[in-house]
1. What ranking, highest mean first, results for peptides 41-48, 126-133 when packing means the other Cβ atoms within 10 Å averaged over each residue?
2. Length gain on complete extension for the stretch residue 96 to residue 139, per 0.36 nm per residue less the alpha carbon to alpha carbon distance?
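Each value in this text was obtained by applying a stated rule to the coordinates, not by laboratory testing. Note that the structure is a prediction, hence the values are computed from the model and not measured. Don't worry about glycine lacking a Cβ; one is built from the backbone with ideal geometry, like all the others, and counts go over all protein chains shown.
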Amino acid sequence: MFGGAAVAQTAPSNTNIAGPTASATGNVTNQAVQVLQGPFAVNQYDPGVACQGATFNIAPFIMGTRSYNWDPESYLNGGGNMGVSASWQIPLDREAVQLCKDRARIANRRQQAEADKARLDFELVRLLKCGEAMKSGVRFHPESPYASICSDVVVVTPKPQPVENNESNSKTQTLNKQVSE
């Protein structure tokens, strides 16, 4: 705020200035390792069921530099480093993760039930077709690679049941009744 007058000094009249010569050369290389977190790992279980979970990332790195100088009296120089970058990501909403896992379990059970139903349908159709073929006397040749398809199917012919003739029985009963009267 309050400035004063500046007084300059005058240089002495017999000034000697040295004139040294020196030169320096060099270079600087900036290197960095960037850790990208990225999205969480996503597991897809069914259309519409994709769950995110914790992610652990490990990224090893090796870097190096080398400087060349074409002057035969100078030396090559360089530097290098290596290391590992690691990160751990955990979803903060554990309830959402648990709901997704429960939904994934339901989807897995449904897929297993559908696979079991398809297998049962296949086996029932095989049973019926093999039985029909056996009843009609058709079989694979024993040396055929398909002979084993129907090997576990057994055709059981039901025994004929005696048929009671209700009409003749009723006539006989009526006749017997009339005779006894």
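1. The most tightly packed comes first, giving 126-133, 41-48.
2. Between residue 96 and residue 139, full extension yields 9.7 nm more.
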